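Following: one structure in structure tokens, then a few remarks.
The values are calculated or read from the model by the stated rules, or taken from the named source; none is laboratory data. Note that the structure is predicted; figures quoted are calculated from it, not measured. Because the Cβ atoms are built from the backbone with ideal geometry, glycine has one as well, and the counts that use them run over all protein chains shown. Calculation scope for accessible area: heavy atoms of the full protein, side chains included, ligands and nucleic acids excluded. Shrake-Rupley method; radii C 1.70, N 1.55, O 1.52, S 1.80 Å.
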Amino acid sequence: MLLSQSRRWLYSLLLALALPAWTSSAFAQQTTTEPTNSKEAAEKKAAEDAAVDAKYQALVATLPAEQQAWEKTLQENLGGFYLPIHKRSRLQGRSSCWDFVADDPKLPRVLLIGDSVSGGYTLTTRKLLAGRANVHKAPENCGPSSNGLKKLDIWLAGEKWDLIHFNFGIHDRKTPLDKYEQQLEELIGRLKKTGAKLVWAATTPVPNGTKDGDQAPTWIKERNQIATKLMQKHGIVINYLHSWMVPELSKFQKNDDVHFNGPGYDRIAERVARVIDVALPPQDGVNPAVIPVGQLELDGYIWSERHAAALEAKDRIKPEIVLIGDSITHFWGGEPDGGRSGNRGTQTWKALFGDRPVLNLGFGWDRTQNVLKRIELGELDGIAPQAIVIHIGTNNLAGTQHSRACTADEIAAGITRVVEQAQAKCPNAKIILMAVFPRGRGTTNPQRETINVINQKLAPLATKPGVTLLDITAKWLQPDGSVNLELMPDSLHPNEKGYAVWAEALRPVLPTK
């Protein structure tokens, strides 16, 4: 997209994937018929293209009418670069982002509008949303916002769309900022008329080795800022793909190409699918609190790196005690180190645990579904702790673009599932389940009422063999029922004094050495 060299490389790669491998004899024959000049080369290529087109047209003629119409749309819009690749892919039976999508009439319809980066994550997004949505891709590399204004009606195809996930950015690097803003504003107006839920995808990073790459941090930031301001103005969900990819970018992108490798596209698709899933109406009977899922929210650390550190620490220290939770647990202390945000209760940590090996599996912003995923990924494998302390569920109350807020019943079910999975992995460990701590200022905060209901629904777990339910709600509150800010200055996270309260409550129920 930015480099002609990059474009040629991508074409060569896709073409190689679309064509059968040469046998040694075929290769020998090929080398004897190499063209001797540019005219012969052009004639040879034209003959090959004509042969491919004839086979492609014959294939299209066998398709049902609806699929023929889609192939015609692609022929009219893919252009001289992508259409030959598409033809060869179809002849080889390979899937691509431009596969015909036969809609399930019971599912919502989703349209992805974007450049070749969006083409890279379409197939995985489609797979992740299987059974949840019909995921379509606009019939071309959509290019700059000016092309969007020209081609939008073709992409919309007069169809009803329930959600449109869109981006214009990399191809707009030379578009003046005021023109970019004006064109985005016009596109938003036209998209809003469809009645679809709109999701804007922030432009993904551009490495320094590409053309204009040394200026990329400036022009991407400026255009993402303009887009963010417009999307907030119009109440459009923003999918922060730029921030999502930056932390581990070197693993997913070469220094001279704006495109991503397979794992990189999978990572983008994971976020795209999650944002779309949450933006669509909730599925009846589906409780997100019990469905294992990896990182959902961006936080002040890299989720996957903390997970890797947890795996290393558990095998090294062979913990007698494990703490499982979110940022409330994360910030207390211990290993893995909590970094700049953590270690807020180191004195009480040492006073409670002394030199006992203790593993802190608290992750900021985690919900029950994230904990279930971490257990699935092995954080409790191969260890035999005497006790596991669990405090999770408060983040399930928060609705964001990545996860909807859960009901009290759903959160209680999620916590119950965490307890069950912990016992399955460590059957000899005593489970100390903390009732969800109170949060929020005032005594009439609606979340406080929901937390009260959650804790009531956790009561039956106290009768489960090997489980102790520890409710210290009253210790966090003032006589008037408000959260004691001397213990929780932000009405959510304990300080050193707050962690001392938790430590003293745990002391009598922890197994002794």
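Residues in the range 377-389 that are closer than 14 Å to Cys426 by Cα, in contact with a helix residue (DSSP H, G or I) (Cβ under 8 Å, 6 or more places away or on another chain) and open to solvent by 10 Å² or more (accessible area, probe 1.4 Å): Asp381, Gly382, Ile383.
Within the range 62-101, the residues that satisfy the criterion of being open to solvent by less than 60 Å² (accessible area, probe 1.4 Å) and among the small types (Gly, Ala, Ser) are Ala69, Gly79, Ser89, Ser96.
Give Leu230, Leu241 a once-over and let me know the one that is closer than 19 Å to Thr400 by Cβ and either open to solvent by less than 10 Å² (accessible area, probe 1.4 Å) or modelled with pLDDT of 95 or more (or both). Show your work before the answer.
Numbers: Leu230 fails: closer than 19 Å to Thr400 by Cβ.
Within the list Leu230, Leu241, the selection yields Leu241.
Within the range 480-503, the set of residues being without any contact (Cβ under 8 Å) to a residue 40 or more places away in the chain, under 29 Å from Gln386 (Cα atoms) and open to solvent by 30 Å² or more (accessible area, probe 1.4 Å) comprises Lys497, Val501.
Test Thr443 against the criterion of being in a loop (DSSP other than H, G, I, E, B), surrounded by fewer than 16 Cβ atoms within 10 Å (Cβ to Cβ) and touching a residue at least 40 places away in the same chain (Cβ under 8 Å), and give yes or no. Criteria not met by Thr443. Count of the range 244-270 residues, restricted to those that are open to solvent by less than 60 Å² (accessible area, probe 1.4 Å) and of a type outside the set (S, T, N, Q), is 15. The test for being in a helix (DSSP H, G or I), open to solvent by 10 Å² or more (accessible area, probe 1.4 Å) and in contact with a strand residue (DSSP E or B) (Cβ under 8 Å, 6 or more places away or on another chain) holds for Gln423.
In the list Ile321, Ile317, Ile291, which residue meets the criterion of being at pLDDT 95 or above, open to solvent by 10 Å² or more (accessible area, probe 1.4 Å) and at negative phi? From the options Ile321, Ile317, Ile291, the qualifying one is Ile317.
Among the candidates Ala279, Ala273, which residue alone is open to solvent by less than 20 Å² (accessible area, probe 1.4 Å), under 14 Å from the mean Cα position of the chain (by Cα) and closer than 30 Å to Ala405 by Cβ?
Details: Ala279 fails: open to solvent by less than 20 Å² (accessible area, probe 1.4 Å).
Exactly one of Ala279, Ala273 is open to solvent by less than 20 Å² (accessible area, probe 1.4 Å), under 14 Å from the mean Cα position of the chain (by Cα) and closer than 30 Å to Ala405 by Cβ, namely Ala273.
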